[in-house]
Amino acid sequence: MGWMTRFLTAIAFLAIGVIFSPETFGSKSAKIATFVKLAHLLCFSTAWGAALWVTFIGGIIMFKNLPRHQFGNLQSKMFPAYFTMVGICCAVSMGCFGYTHPWKSSSTAEKYQLGFLVAAFVFNLTNLFVFTPMTIEMMKQRHKVERELNIGEETGWSKNQDVAKVSPKLAAMNKKFGMIHGLSSLANIMSFGSLAMHSWYLAGKIDL
């Protein structure tokens, strides 16, 4: 099934859900409020699900099963798309939540929730425009050094640390890469944590 077919199928199911929703036949203001809430929920859940998968599942599986340089090259293509998508979703959720909860009339808890969404958005933008480009550039430089030392094609466990003990150049590259990659990972975890706190708030509002 092609990408467009899957996308249209998802849209069709969404349209069916709209048709059978009681709010569909309500007032114009009720329709707008429902669509804003839908956009908030879909974008938040997309950001939350993507962050959960990439951070704790997909990345670990790829790391354990791909040659290390191949894994790094794949990550260099995936992470810009990942941070772009999550950033856009956070921006939409932030806008929708701000629309349904105007700042002047919001409670303290609602203001905190808007803050969590803003934090998730900022952390993703920081990763997209600052840490990810730096990490990718440093990774490419380290890959070049590793190829000169005939390492980097192993799967899972890396020979890097053993070789770095006798290669000052590689050891220096590892230190720089580790620092930048660590900051990127920290920003990603902070974004994930901000979304997690908002998920608890949403759970308290849902009446199942």
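The values are calculated or read from the model by the stated rules, or taken from the named source; none is laboratory data. Note that this is a predicted model, so its numbers are computed, not measured. In this analysis, Cβ positions are derived from the backbone assuming ideal geometry, glycine residues included, and neighbour counts consider all displayed protein chains. Side chains are part of the model used for accessible areas, which takes the heavy atoms of the whole protein and leaves out ligands, DNA and RNA. Shrake-Rupley method; radii C 1.70, N 1.55, O 1.52, S 1.80 Å.
Taking θ as phi - 60°, what are the ³J(HN,Hα) couplings along the range 7-19 by the Karplus curve (6.51, -1.76, 1.60), each to the nearest whole Hz, with x for Gly and Pro?
Once rounded to whole Hz, the list reads 5, 5, 5, 4, 5, 4, 5, 4, 5, 4, x, 5, 4.
In whole Å, what are the extents of the range 108-208 along the principal axes defined by its C-alpha atoms, from largest to smallest?
The principal-axis extents, from largest down, are 59, 27, 17 Å.
Calculated FRET efficiency, Thr34 and Trp3, Cβ-Cβ r, R0 35 Å, to nearest 0.05? Walk me through the numbers before you get to the answer.
Working: r = 28 Å, r/R0 = 0.80.
E between Thr34 and Trp3, to the nearest 0.05, is 0.80.
Run the 1.4 Å probe and let me know the accessible area of Arg6, rounded to the nearest 10 Å².
130
How far is helix 68-100 tilted off the main Cα axis of the chain, in degrees rounded to 10, range 0 to 90?
Rounded to the nearest ten degrees, it is 20.
Taking the chain as the reference, fit the longest principal axis to its C-alpha atoms, fit the long axis of helix 168-205 to the helix C-alpha atoms, and give the angle between the two in degrees, 0 to 90, nearest 10.
For helix 168-205, the angle is close to 20 degrees.
For the chain, build the convex hull from the C-alpha positions and give me its volume per residue in Å³.
Values: hull volume 32.1 nm³, N = 208.
In the chain, the Cα convex hull volume per residue is 154 Å³.
Between the helical axis of 108-126 and the dominant principal axis of the chain, each derived from Cα atoms, what acute angle in degrees is found, rounded to the nearest 10?
It is inclined by approximately 40 degrees.
Any idea of Glu148's accessible area? Nearest 10 Å², probe 1.4 Å.
120
Let's see if you can work this out: charge +1 on each Lys and Arg Cβ, -1 on each Asp and Glu Cβ, no other charges. What is the dipole magnitude of the range 1-158 about its Cα centre, in debye to the nearest 20?
Numbers: 13 positive and 7 negative charges, 56 e Å.
Charge dipole of the range 1-158: 260 debye, to the nearest 20.
With every protein chain left in place, what is the accessible area of Leu8 in Å² (1.4 Å probe, nearest 10)?
Taking all protein chains as shown, Leu8 has close to 100 Å².
Longer than 22 Å from Cα to Cα, which of Lys77/Lys169; Lys144/Lys176; Lys64/Lys140; Lys31/Lys205 are they? Say none if no pair is.
Values: Lys77/Lys169 26 Å; Lys144/Lys176 15 Å; Lys64/Lys140 20 Å; Lys31/Lys205 19 Å.
Check vs 22 Å cut-off fails for Lys77/Lys169.
Kindly identify the range 1-119 as rounded, prolate or oblate by the Cα gyration tensor criterion: order the square roots of the eigenvalues as a ≥ b ≥ c, call it rounded if a/c is under 1.5, otherwise compare a/b with b/c, prolate if a/b is larger, else oblate. Don't skip to the answer; put the middle values down first.
Values: a/c = 3.42, a/b = 1.52, b/c = 2.25.
The shape class here is oblate.
How much accessible area per residue does the chain have, counting only protein heavy atoms and a probe of 1.4 Å, in square angstrom? Could you put the intermediate results ahead of the total?
On the way: 12830 Å² over 208 residues.
Here the residues of the chain average 62 Å² of exposed surface.
For the pair Met78 and Tyr112, what calculated FRET efficiency results from E = 1/(1 + (r/R0)^6), where r is the Cβ-Cβ distance and R0 = 25 Å, to the nearest 0.05? It would help to have the intermediate numbers written out before the result.
Details: r = 32 Å, r/R0 = 1.27.
The pair Tyr112/Met78 has a calculated efficiency of 0.20.
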